[in-house]
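Written out below as structure tokens is the structure these notes cover.
The values are calculated or read from the model by the stated rules, or taken from the named source; none is laboratory data. If you're wondering where the values come from, they're calculated on a predicted model, not measured in any experiment. With ideal geometry, Cβ positions are generated from the backbone for all residues, glycine too; neighbour counts draw on all protein chains shown.
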Amino acid sequence: RVPFAGHHSCIQISCCRVGVVFCGRQSPGGHNVIWGLHSALKSHNPKSTLLGFVGGTEGLFAKKTLDITYDILSTSKTKGGYDLLGRTKDQIRTTEQVNAVMSTCQELKLDGLVIIGGTFLIMHIYIQHRCCSACGDIC
């Protein structure tokens with residue numbers, strides 16, 4: 001149960017399944033982002049699941065996951081880099097790749113996907129999504 005903004009009552013947050021993937025070059029704080037994401041999900045509903053995609057976007061396309069638990073995270077907190085899940089240098093650029101990501105999210109019944117990477121990667125995914133949405137494609 002979580003306090004609802006502007007009200008004195010609480011609302012029940014349903015459990016959710018969220019995926020997380022590292023993309024692009026190494027950067028500090030990646031493990032701490034996953035730690036914070038895990039903590040937020042569990043604080044809203046302890047039954048929520050965080051799935052990490054092992055091997056970056058290649059693991060995302062192949063649906064290679066790791067159920068991220070407190071025990072797994074405790075070995076990586078405050079360590080720099082992307083060692084927990086690994087990463088790839090490639091990016092999600094093509095319509096086929098965007099559709100593969102959507103397929104993975106649908107097959108694994110994910111409620112959300114967090115992509116941790118550089119600004120160029122995020123900008124490109126956003127543009128691709130906007131183009132697909134404008135054309136009426138599913139992505």
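List of remarks:
- Checked against (1) at pLDDT 60 or above; (2) over 14 Å from the mean Cα position of the chain (by Cα), Val114 meets all criteria but (2).
- Within the stretch 11-29, the set of residues being under 18 Å from Ile116 (Cα atoms) and assigned to a loop (DSSP other than H, G, I, E, B) comprises Cys23, Gly24, Arg25, Gln26, Ser27, Pro28, Gly29.
- Residues located in the stretch 30-78, provided they are part of a loop (DSSP other than H, G, I, E, B), loosely packed, with under 14 Cβ neighbours inside 10 Å and of a type outside the set (Ser, Thr, Tyr): Pro46, Lys47, Lys77
- Lone unmet requirement of (1) at pLDDT 90 or above; (2) in contact with a Ser or Thr (Cβ under 9 Å, 6 or more places away or on another chain); (3) hydrophobic (A, V, I, L, M, F, W, C) for Leu66: (2)
- When the test is whether a residue is modelled with pLDDT of 90 or more, within 17 Å of the chain's Cα centre (by Cα), buried (at least 18 other Cβ atoms within 10 Å of the Cβ) and not hydrophobic (A, V, I, L, M, F, W, C), Gly19 passes it.
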